[in-house]
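The values are calculated or read from the model by the stated rules, or taken from the named source; none is laboratory data. The structure presented is a predicted model; accordingly, all values stated were derived computationally and were not measured. Backbone-built Cβ (ideal geometry, glycine too); neighbour counts: all protein chains shown.
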Amino acid sequence: MKKITYDNVETLRKALTERLGKAPRGTLYYIRSGSRQFWFTWFFKSHRLAVSVTRLKTRRFSVPRDLVAEALVARLREESWTCPRCGKSFRRIGRKKFCSTTCGTAWRVARLRYSRKMALLRAKRAAAEDAELARPETQAEMRRVDTDRRRDDLRRKAIVLSRT
Ligand SMILES: [Zn+2]
């Protein structure tokens, strides 16, 4: 991707939107500032610019701070939040997570239903395991393995003793 020039937040935003909007899905564009790196991407579904911030691991890569980019990142982070259930983007107020109470309730119900299902599955698996252990064939096999192990242990000990 070609280098972009910008002198304020709006031009940077416009340039990024234009380039990423036309680029294939999954294209990222990064700008470094200080020891941080901002990854810009385009959300095709919700038609918006999104950003994620990573910290550069070594100081070797750090560059002078880019205040324009930082301002854009601050703005994007403030305005870009998507509802985890329906993916609708909305402006977040406080710690509000869902776009509406309908979404919030549906999400909680789904989560509860899922955890109950998993608990049931776990119980079923445990019961199956218990049944398997209780079978006489399994018991016999376990006794055989146990005996084998004990015999091996004795042999190992015998070798050690003969060495000394
Ligand atoms: Zn929602």
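Just to be sure, is T54 touching a strand residue (DSSP E or B) at 6+ places or on another chain (Cβ under 7 Å), loosely packed, with under 14 Cβ neighbours inside 10 Å and of a type in the set (V, I, T)?
yes
So, K45, is that one part of a loop (DSSP other than H, G, I, E, B), touching a residue at least 24 places away in the same chain (Cβ under 8 Å) and exposed (fewer than 11 other Cβ atoms within 10 Å of the Cβ) or not?
Criteria met by K45.
Quick check, is R75 exposed (fewer than 10 other Cβ atoms within 10 Å of the Cβ), away from the ligand (no atom under 16 Å from the Cβ), assigned to a helix (DSSP H, G or I) and not hydrophobic (A, V, I, L, M, F, W, C)?
Against the criterion (exposed (fewer than 10 other Cβ atoms within 10 Å of the Cβ), away from the ligand (no atom under 16 Å from the Cβ), assigned to a helix (DSSP H, G or I) and not hydrophobic (A, V, I, L, M, F, W, C)), R75 does not qualify.
Looking at the structure I just gave you, is R25 out of contact with any helix residue (DSSP H, G or I) (no Cβ under 8 Å at 6 or more places or on another chain) and part of a loop (DSSP other than H, G, I, E, B)?
yes
Would you point out the residue of the range 82-109, among those that are away from the ligand (no atom under 11 Å from the Cβ) and of a type in the set (A, V, I, L, M, F, W, C), that is nearest to K45 (Cα to Cα)?
I93
Quick one: what pairs do we get from the range 54-83, first residue over 17 Å from S35 (Cβ atoms), second of a type in the set (A, V, I, L, M, F, W, C) and assigned to a loop (DSSP other than H, G, I, E, B), C-beta under 6 Å, 6+ apart or different chains?
Correct list of pairs: C83/F98; C83/C99.
From A158, A123, which residue is outside any loop (DSSP other than H, G, I, E, B), at pLDDT below 90 and not assigned by TED's automatic domain parsing to the domain that holds R55?
The unique qualifying residue is A158.
Let me spell it out: the conditions are (1) over 30 Å from W107 (Cβ atoms); (2) of a type outside the set (D, E, K, R); (3) modelled with pLDDT under 90, and F44 meets all of them except one. Which number is the exception?
F44 satisfies all of (1) over 30 Å from W107 (Cβ atoms); (2) of a type outside the set (D, E, K, R); (3) modelled with pLDDT under 90 except (1).
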